[in-house]
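Asks: Would you mind keeping the following structure in view while I ask a few things?
FYI, it's all coordinate maths here, none of it is from the lab. Since the structure is predicted, the reported quantities are computational estimates derived from the model, not experimental observations. Neighbour counts run over all protein chains shown; Cβ positions are idealised from the backbone, glycine included.
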Amino acid sequence: MKNIFKVIAVAAVFLLGMQNTTAQTLSQDQDRPEVIAKQKTSDLSDALNLTGDQQRYIFRALTAKEVNYRKHINGKDATNPEVIANKKKYDDLLVKSMKKTLTAEQFTAWEAMQ
């Protein structure tokens with residue numbers, strides 16, 4: 001009888017431990033640049049009626065922007081001239097990619113959304 005209680009107690013501890021691990025993994029996945037870019041691409045696709053090729057190019061551009069922001073901007077002093085220059089550089093790169101990918105009407109609508 002004691003062995004049954006021990007087995008049940010050990011199983012309960014394992015189950016509780018696995019729930020915490022799963023919860024941590026889900027929150028970490030939401031912060032990944034690819035996940036953020038995918039969500040933004042989905043929102044833009046709904047708003048601008050993007051084609052498959054446009055979605056792919058925009059996803060790549062947004063992923064690059066998120067990665068660069070994490071490396072060079074997020075968590076740093078926003079008044080630092082180097083950070084300001086990097087932010088402008090990556091924002092301009094995104095605008096250039098969007099202008100190249102979107103039609104004139106879509107680009108105008110995207111600018112209005114910004």
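Asks: List, please: which pairs have Cβ atoms under 6 Å, are six or more places apart or on different chains, and start with a residue in region 87-114 that is over 20 Å from Asp46 (Cβ atoms) and end with one that is among the aromatic types (Phe, Trp, Tyr)?
Replies: Lys99/Phe107
Asks: Please pick out the residue among Lys96, Lys38, Lys65, Lys87 that is in contact with a Ser or Thr (Cβ under 9 Å, 6 or more places away or on another chain) and closer than 18 Å to Glu111 by Cα.
Replies: Lys65 is the lone residue from the list that is in contact with a Ser or Thr (Cβ under 9 Å, 6 or more places away or on another chain) and closer than 18 Å to Glu111 by Cα.
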